[in-house]
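To start, the structure under review is shown below, and the notes come after it.
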Amino acid sequence: MSDKIKMQFKKNGSIRVTGTVDFVDADGNVTESKTDFSLCRCGASKEKPFCDGSHREAGFTTD
Ligand code: FES
């Protein structure tokens, strides 16, 4: 298994993260580890920082 994390910027949508990532709080403590998820970049998600599909209703577009 590769240690590399892949971040794919989806057209008109989220950033798809493939691999396992540690989430770290301001004190440096790992609060959660997550594998294969999507990050919101449109600002409309109700589950930030994760994508909940709201970008479609928001009409988010990328060039
Ligand atoms: S990119 Fe999907 S909800 Fe923001």
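Computed values, structure above
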quantity: Test result for K34, assigned to a strand (DSSP E or B) and touching an Asp or Glu at 6+ places or on another chain (Cβ under 9 Å); calculated: yes
quantity: Hits in region 8-29 (condition: over 20 Å from S54 (Cβ atoms) and either surrounded by 10 or more Cβ atoms within 10 Å (Cβ to Cβ) or in contact with a Ser or Thr (Cβ under 7 Å, 6 or more places away or on another chain) (or both)); calculated: T18, G19, T20, V21, D22, F23, V24, D25
quantity: Residues of region 23-63 that turn out to be within 13 Å of N12 (Cα to Cα), among the basic types (K, R) and under 14 Å from the mean Cα position of the chain (by Cα), as a count; calculated: 1
quantity: Only listed residue being more than 16 Å from I5 (Cα to Cα), more than 16 Å from the ligand (Cβ to nearest atom) and modelled with pLDDT of 95 or more, chosen from D52, D27, D22; calculated: D27
quantity: Subset of region 1-31 (residues that are assigned to a loop (DSSP other than H, G, I, E, B) and either over 27 Å from T61 (Cα atoms) or among the hydrophobic types (A, V, I, L, M, F, W, C) (or both)); calculated: M1, S2, D3, K4, I5, D25, A26, D27, G28, N29
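The values are calculated or read from the model by the stated rules, or taken from the named source; none is laboratory data. Not measured: the values here are computed from a predicted model. Virtual Cβ from ideal backbone geometry, glycine too; neighbours counted across all protein chains shown.
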